[in-house]
Amino acid sequence: MKQSNLLLWLMAMLVYAFLYIPLIIVVVYSFNDSRLNAEWVGFTFDWYDKLFRNEEMLIAARNSLIIAVSASVLATTLGTMAGLAIHRYRLKVLPVLAFIPVAMPEILLGVSLLLFFLQVLNMTLGLISVIIAHTTFSIGFVAIIIRARLQGMDESIFEAARDLGATPWQTFRLITLPLIMPAIIAGALMSFTLSIDDFVITFFTKGVGEPILPIQIYTMIKIAVTPEVNAISTLLMLLTLALIMLATYFDKTILRWR
Amino acid sequence: MNRQYILCVFTWLLLCLPAACSLQPEVDGNQVSRDDPVLRLFNWNNYIDPRTLRRFEQQCRCQVTQDYYADNEELLAKLAAGATGYDLLVPTGNAMDALIRQGALRLLDKTLLPNLKNIDTNYLDTAFDPGNQYSAPYATTVTLLGFNREKLIELGLPVDSWALIFEPAHLRKIKGRVTVLDSQRELMAAALSYLGHSVNDTDPEHWQQAKALIIRAKPYWAAFNNTSYIRELAVGNLWVAHGYSNDMFQAAQDAQKTRRSFTVDFVIPKEGATLSLDSMVLHHSGHHPDLAHQFINFMLEGENSAELTNLTGSGNPNQAAKSHIRADIIGNPVIFPDATKLAQLEMLTELDYKHRRLLSQIWTEIKLR
Amino acid sequence: MHRQNLTKWLTSLPPMLFLLVFFVAPSLIMIVTSFRFPGEFGGLAPLSPSETAAGEVASGPHGLTLEAYRFFFSDTLYAEIFLKSFVVATVSTLICLLLAYPLALLIARSDKRYRNLMILLVILPFASNFLVRIYAWMIILGPESALNHFVNNLLALAGFPPVMLLFSPFAVLIGMVYVHLPFMILPLYTNLEKHDPVLLDAAQDLGANRWQRFWRVTWPQSLPGVFSGAVLVFIPVLGMFAVPDILGGTGDILIGNLIKDQFLGTRDWPFGSTLSIMLMLAVIATTGLAAWLARARATVSPSSST
C-alpha cells in the first residue's frame, strides 16, 4: 500500500511541477535584466517600468477592463435568470442555447459573430461587439454555477414560503436571492475573468484601432518578444489569481465545475 | 453571506469602470492642441518620415495619427472587417484596384492638388486608375533579393537571378540562411518569373509548376518572413532574403552604420520582378477629406516626397523630388531603374475570386508539404 | 397557474432572446454564408442582382451555390488537415489523460481537509491568461533556452544533428496538453471523489492485487469522468489556432488556422464558413460518439456519476 501511494504521490507531484514551472519561469524572467529569456543576468524592474509607459498597453488595459465589467454585469444578470429558469422549470430550449457556446470551439463562435455583426447588423466592430461576444459565452458559465447552487438547496424552504402566502417576487427577493448571492458573485467574478482572458473570440470581433489586452500580448509575441510580455503576463496572472480565489471564497462549487 | 462582503465586491466591480476610464494616455508631446482635427492615416510600417508628419501638423494645425499594416491583404481584410474612419490609405496598385471597384474610395478633387503635376507621367494613368481619379502616386518598391555580398562571392553564387532561392544546387550552400516573403502573390510572382512567365499569369498549369518549384526549394529556406529579415540580414544571420527594395536599403544602411565586416546589397533579378506602385487614396469613411487633400498635396511637393526616399530608399515617381534626393540613392540603378530595367518590371493585378481561391489552396499546400 | 407561467417567461425570456439573437442567428448566418459566392474583392457577392452597392457593376455571380463545398472536396488537402487536427486532438487527449489520472486519483484519495486546497492548486495555473501559458513554452523551448541546448548536446553525443524544439509539431502538442490539462483533471477528480472505498477493500479481501484493483474496480467506475474530460479536451483542441500559430512551424497548420486565414487573410468568407460548418459537424459527431459510448457504459456498470 505504502509503495503504491509513493509512486502515485511522485507522479502527481511531477504533474504539479509540469503545471507550475512554465509559469514560474515567466514570472522570474520578468525581472531579468536581459532582453533574451535565456539566462538570468540581474534583477530589475525595468520591464514593468517600460510597461507602464507603454501608451498602447495602458489603453488596452483600460479597454479590457471596460469590456470585462460590462460583459460580466450583463452575463451575470442574464445567466442568473437562465440558471433560475432552468432549475425551476423543465425547459428544453434554454439549456441547449446557454450551454452549447460553453462547449464548442471558440473559433466557431468568433467567426459566426463576425459574420453576423458585419452582414446583418452592419455595425462597426468595436468594444460593443466584443462585449456582446463575451456575454454570449459567459451566460452559460454563470447559469451552470447558479443551477449547481440551486440544486444543492433544500426545496422545502420555498414551499414553506409559498404556504405562508409569499408572492413569487417576494420569495425571490427575500429567500432565493440571498441564498444564491454567493453563487451570483462567484459567477460575476468568473465571467469577469473569462472576459479579461479571452483571446480567440476577441480576436475576431474586435475593431481596428482599439487595442485590447490579450490581443496586444499576441501582437507582442508575434512581432518582437521582449520581457515586457513577461511583465504584463505576471500582472495578469496576479489579477486572475485574486479573482478566482475571491470567487471560490464565495462559492466552493466553482472548484467542482469548470 | 455577510452583506458587507457583497457590498464590498460590487463596489469594487463598479469602481473598476470609472477607474478604467480614467486611465488616459498621455498627450503626445506636440505643440498641437488636442482639440485640433485628427487626420487618420492607414499606412505601411515605416513608410513615412516622422519629421514630414510633424511639419505637416504644424502647417495644417491638425494632428495626424497612423495605424499600420504589413501587407495589402491585411489592409483589405481589415477594411472588409469594418474598419472605418481612415481618411487616407496607401494601397499598392492591385489592392487599390479592388478598393475602386468596391466603391470604397472618394474621387480626388484635382483643383486641390496642384502638385500632382510633379509626378513622372510614366506613373500616371495606370490601368488601375485611368486618369488618376482616385489616387496620387506616393512611392515605388521592387520585390527582389537582398544578400550578403561578401558571403555570396565567397560561395560563388549568382546574385542576379531567382535561381538563388529556387535551385537546390545553389540552395545547398546557403541552407537555413535564406528567407522568402510570406506573401502568396509575391512568392508565386517570383516563381513564375523564374519559369519565364508573367507575374500575372493565371494558367493553372503554370501555377502547378510554380508550386512544385517552391515545394522543392522549401526545405532549404529558413522561414517565410515579412518583417524580421531586415534585421537578420543586417546582423549577418541571414545571407539571402526575398523582400522589398526599401527594406533591403534599410538593411544595407544598418549594416554600414554598425560597421559590419560585410555589405548588404540588392539587385533586380534578370528574369523579372514585381514593381509596386503605392498611392495615396481617400477612403469614403474618412471624416476630413479636405485635410486629406491637403496632405496629399503636401506629400506631392518635391522636398517632402524626397524625405521618404532619403529615409527608406523607396523609389520615387515624383520628378520635383529628384533634386532633393541623396546622390547615392538617385544613382542606384535598383531604386531608380532605367527604361530597359523598368520594362522588365511588372505590376501585380488583382485576381478574381476563383483564382484567389485556387491560389489560397496552392498556398496551403505549399505550407503543408 | 398564470403566475407560474408569468414568472417562467419573465425569467427565461431575456436570456433566451439574447442567445437567439447573438448565438443562433449568427450560426444560421454562417450556414447561409457557406452557400454564397465570395465577393469579387472580398466579402460576399450579393444574393440578388439588385442588392449591389452604389457604383458597383451588377455583374459577376450572385445567389446561392454549392461551390465552396465542391472546392472543399475537390482536393484531399482539406481532408488531410482535418485528419491532422483529429490526430493532434486524440494524442493531446491521451497525454492529458495519462498526466491527469494520477493527480486526480491522488487528490481524490487525500484527506478531506487538503482536497480543496489541492484542487485550487490545479485551477490556479489555469487562472493565468491563455496566451501566457503558451508564451511560457516559447521561453522553455526556445532555440536559446537551456532545454534546447541540453537536448542538442545529448543528440550531438549520439551523433544526431541538432533540432529546434520550438516551431515544431512537438511544441504544438506540448502547448495543447498544457493549456487543456486542467480540463481533464477536474471532471476526473469529481468522478473519482465519489468512488466508495468499500469496493476496493472488498476486492482486496477477495485477493485482488493493486493492479487488478485499479483495472477492475477504479477504472470502469471512472469512465464517465474520463469521457467528460476527454470531450472537454478533444473539442477545444480540434478548433484551436493560437497554439499552432505561436508554437508551430509553417507546416503545422490545423483546421483552426485555416479558418482564421480565410476570414482575416484571403477574405474568402464562403469557404471559411464551409470549413467552420465542417468543424461544427466534426464536433457534433464527436460529442454524439462520446455520449453514445457513455450510455453504453452506463448500462454495463450501474454506478455512474459525473
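Kindly provide the set of residues from region A:225-244 that are part of a helix (DSSP H, G or I), closer than 17 Å to A:Ser34 by Cβ and either of a type in the set (D, E, K, R) or touching a residue at least 40 places away in the same chain (Cβ under 8 Å) (or both), ordered by number. Spell out the reasoning first.
Restricting attention to region A:225-244, the residues satisfying the condition of being part of a helix (DSSP H, G or I) are A:228-244.
In the following step, the residues that additionally are closer than 17 Å to A:Ser34 by Cβ were identified as A:228-231, A:233-234.
Within region A:225-244, A:Glu228, A:Asn230, A:Ala231, A:Ser233, A:Thr234 meet the criteria.
Given the condition of a type in the set (Ser, Thr, Tyr), surrounded by fewer than 16 Cβ atoms within 10 Å (Cβ to Cβ) and without any contact (Cβ under 8 Å) to a residue 40 or more places away in the chain, answer yes or no: does some residue in region A:166-185 qualify?
Among the residues of region A:166-185, at least one is of a type in the set (Ser, Thr, Tyr), surrounded by fewer than 16 Cβ atoms within 10 Å (Cβ to Cβ) and without any contact (Cβ under 8 Å) to a residue 40 or more places away in the chain, which makes the answer yes.
Looking at B:Asn237, is it over 24 Å from C:Gly265 (Cβ atoms), within 14 Å of chain C (Cβ to nearest Cβ) and in a loop (DSSP other than H, G, I, E, B)? Talk me through it step by step, then tell me what you get.
Numbers: over 24 Å from C:Gly265 (Cβ atoms): yes; within 14 Å of chain C (Cβ to nearest Cβ): yes; in a loop (DSSP other than H, G, I, E, B): yes.
Considered against the rule, which asks whether it is over 24 Å from C:Gly265 (Cβ atoms), within 14 Å of chain C (Cβ to nearest Cβ) and in a loop (DSSP other than H, G, I, E, B), B:Asn237 comes out as yes.
Matching residues to (1) modelled with pLDDT of 90 or more; (2) out of contact with any strand residue (DSSP E or B) (no Cβ under 7 Å at 6 or more places or on another chain); (3) farther than 26 Å from B:Trp44 by Cα; (4) surrounded by fewer than 19 Cβ atoms within 10 Å (Cβ to Cβ):
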site	(1), (2), (3), (4)
B:Met188	yes, yes, no, no
B:Ser193	yes, no, no, no
B:Asp203	yes, yes, yes, yes
B:Lys211	yes, yes, yes, no
B:Tyr220	yes, no, yes, no
B:Asn225	no, no, no, no
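Table: residues versus (1) modelled with pLDDT under 90; (2) more than 20 Å from the chain's Cα centre (by Cα); (3) assigned to a helix (DSSP H, G or I); (4) at the interface with chain A (Cβ under 10 Å from one of its Cβ atoms).
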{"position": "C:Arg216", "(1), (2), (3), (4)": "yes, yes, yes, no"}
{"position": "C:Gly225", "(1), (2), (3), (4)": "yes, no, yes, no"}
{"position": "C:Phe263", "(1), (2), (3), (4)": "yes, yes, yes, yes"}
{"position": "C:Phe271", "(1), (2), (3), (4)": "no, yes, yes, no"}
{"position": "C:Leu275", "(1), (2), (3), (4)": "no, no, yes, yes"}
{"position": "C:Leu279", "(1), (2), (3), (4)": "no, no, yes, yes"}
{"position": "C:Gly288", "(1), (2), (3), (4)": "yes, no, yes, no"}
{"position": "C:Leu293", "(1), (2), (3), (4)": "yes, no, yes, no"}
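Does region C:101-124 include one or more residues that are buried (at least 23 other Cβ atoms within 10 Å of the Cβ) and hydroxyl-bearing (Ser, Thr, Tyr)?
Yes, some residue in region C:101-124 is buried (at least 23 other Cβ atoms within 10 Å of the Cβ) and hydroxyl-bearing (Ser, Thr, Tyr).
Assess whether A:Leu91 counts as being surrounded by 18 or more Cβ atoms within 10 Å (Cβ to Cβ), farther than 30 Å from C:Met278 by Cβ and without any contact (Cβ under 8 Å) to a residue 24 or more places away in the chain.
yes
In region B:97-120, what residues are more than 13 Å from every other protein chain (Cβ to nearest Cβ), touching a strand residue (DSSP E or B) at 6+ places or on another chain (Cβ under 8 Å) and in a loop (DSSP other than H, G, I, E, B)?
As a first pass, look at region B:97-120 and keep what is more than 13 Å from every other protein chain (Cβ to nearest Cβ): B:108-120.
Next, from what is left, pick out any that are touching a strand residue (DSSP E or B) at 6+ places or on another chain (Cβ under 8 Å): B:108, B:113, B:116, B:118-120.
Residues satisfying the conditions are B:Leu108, B:Leu113, B:Asp120.
Tell me yes or no: at least one residue of region A:1-22 is among the hydrophobic types (A, V, I, L, M, F, W, C), in contact (Cβ under 8 Å) with a residue 60 or more places away in the chain and either more than 9 Å from every other protein chain (Cβ to nearest Cβ) or crowded, with 19+ Cβ neighbours inside 10 Å (or both).
The answer is no; no qualifying residue exists.
So, in region A:62-88, how many residues would count as being of a type in the set (D, E, K, R) and either within 15 Å of C:Met16 (Cβ to Cβ) or touching a residue at least 40 places away in the same chain (Cβ under 8 Å) (or both)?
Summing the residues that are of a type in the set (D, E, K, R) and either within 15 Å of C:Met16 (Cβ to Cβ) or touching a residue at least 40 places away in the same chain (Cβ under 8 Å) (or both) in region A:62-88 gives 1.
Among A:Leu65, A:Leu113, which is the only one that is surrounded by 19 or more Cβ atoms within 10 Å (Cβ to Cβ), within 12 Å of chain C (Cβ to nearest Cβ) and at pLDDT 90 or above?
Numbers: A:Leu65 fails: within 12 Å of chain C (Cβ to nearest Cβ).
Matching residue, one of A:Leu65, A:Leu113: A:Leu113.
So, in region A:94-104, exactly how many residues are crowded, with 17+ Cβ neighbours inside 10 Å, part of a helix (DSSP H, G or I) and at the interface with chain C (Cβ under 7 Å from one of its Cβ atoms)?
Of the residues in region A:94-104, 4 are crowded, with 17+ Cβ neighbours inside 10 Å, part of a helix (DSSP H, G or I) and at the interface with chain C (Cβ under 7 Å from one of its Cβ atoms).
With respect to the numbered conditions (1) within 12 Å of chain C (Cβ to nearest Cβ); (2) free of Cβ contacts under 8 Å to residues at least 60 places away in the same chain; (3) among the charged types (D, E, K, R), which one is the sole condition not fulfilled by A:Asp33?
Condition not satisfied by A:Asp33: (1).
Out of (1) free of Cβ contacts under 8 Å to residues at least 12 places away in the same chain; (2) farther than 21 Å from B:Leu275 by Cα, the odd one out for B:Asp201 is which?
Just one mismatch for B:Asp201, condition (2).
Given (1) under 27 Å from C:Phe35 (Cα atoms); (2) crowded, with 18+ Cβ neighbours inside 10 Å; (3) of a type in the set (A, V, I, L, M), identify the lone condition not met by A:Ala161.
(1)
Starting from residues that are over 21 Å from B:Leu144 (Cα atoms), free of Cβ contacts under 8 Å to residues at least 24 places away in the same chain and part of a helix (DSSP H, G or I), keep the ones in region B:338-366 and report whichever is nearest to the chain's Cα centre (by Cα).
B:Arg356
Of everything in region A:41-51 that's surrounded by 12 or more Cβ atoms within 10 Å (Cβ to Cβ) and aromatic (Phe, Trp, Tyr), which residue is farthest from the other protein chains (Cβ to nearest Cβ)?
The extreme case among them is A:Phe45.
Output yes when any residue across region A:61-80 is of a type outside the set (Val, Ile, Thr), in contact with a strand residue (DSSP E or B) (Cβ under 9 Å, 6 or more places away or on another chain) and closer than 22 Å to A:Ile215 by Cα, and no when none is.
There is no residue in region A:61-80 that is of a type outside the set (Val, Ile, Thr), in contact with a strand residue (DSSP E or B) (Cβ under 9 Å, 6 or more places away or on another chain) and closer than 22 Å to A:Ile215 by Cα.
Residue-by-condition table, conditions (1) assigned to a strand (DSSP E or B); (2) surrounded by fewer than 18 Cβ atoms within 10 Å (Cβ to Cβ); (3) not hydroxyl-bearing (Ser, Thr, Tyr):
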site: B:Thr65; (1), (2), (3): yes, yes, no
site: B:Ala77; (1), (2), (3): no, no, yes
site: B:Ala83; (1), (2), (3): no, no, yes
site: B:Ala95; (1), (2), (3): no, no, yes
site: B:Ala127; (1), (2), (3): no, yes, yes
site: B:Tyr138; (1), (2), (3): yes, no, no
site: B:Val142; (1), (2), (3): yes, no, yes
site: B:Gly146; (1), (2), (3): yes, no, yes
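Scan region C:240-257 and tell me whether some residue there is aromatic (Phe, Trp, Tyr), within 13 Å of another protein chain (Cβ to nearest Cβ) and in a helix (DSSP H, G or I).
There is no residue in region C:240-257 that is aromatic (Phe, Trp, Tyr), within 13 Å of another protein chain (Cβ to nearest Cβ) and in a helix (DSSP H, G or I).
Which members of region A:131-157 meet the condition of being out of contact with any helix residue (DSSP H, G or I) (no Cβ under 6 Å at 6 or more places or on another chain) and without any contact (Cβ under 8 Å) to a residue 40 or more places away in the chain?
The answer is A:Met153, A:Asp154, A:Glu155, A:Ser156, A:Ile157.
Would region C:188-198 turn up any residue that is assigned to a helix (DSSP H, G or I), among the hydroxyl-bearing types (Ser, Thr, Tyr) and under 18 Å from the mean Cα position of the chain (by Cα)? Reasoning before the result, please.
Of the residues in region C:188-198, the ones assigned to a helix (DSSP H, G or I) are C:188-193, C:197-198.
Next, only the ones that are among the hydroxyl-bearing types (Ser, Thr, Tyr) stay: C:189-190.
Applying the additional criterion that residues be under 18 Å from the mean Cα position of the chain (by Cα) yields none.
For region C:188-198, residues assigned to a helix (DSSP H, G or I), among the hydroxyl-bearing types (Ser, Thr, Tyr) and under 18 Å from the mean Cα position of the chain (by Cα): absent.
Quickly run through region C:150-171 and pick out the residues that are within 22 Å of A:Val27 (Cα to Cα) and part of a helix (DSSP H, G or I).
Result: C:Ala171, single match.
Which residue out of A:Ile145, A:Ile107, A:Ile128 is surrounded by 22 or more Cβ atoms within 10 Å (Cβ to Cβ), of a type in the set (Val, Ile, Thr), out of contact with any His (no Cβ under 8 Å at 6 or more places or on another chain) and more than 8 Å from chain C (Cβ to nearest Cβ)?
Exactly one of A:Ile145, A:Ile107, A:Ile128 is surrounded by 22 or more Cβ atoms within 10 Å (Cβ to Cβ), of a type in the set (Val, Ile, Thr), out of contact with any His (no Cβ under 8 Å at 6 or more places or on another chain) and more than 8 Å from chain C (Cβ to nearest Cβ), namely A:Ile145.
The values are calculated or read from the model by the stated rules, or taken from the named source; none is laboratory data. No experiment lies behind these values; they were computed from the predicted model shown. Every residue, glycine as well, gets a Cβ built from its backbone with ideal geometry; the counts of neighbours run over all protein chains shown.
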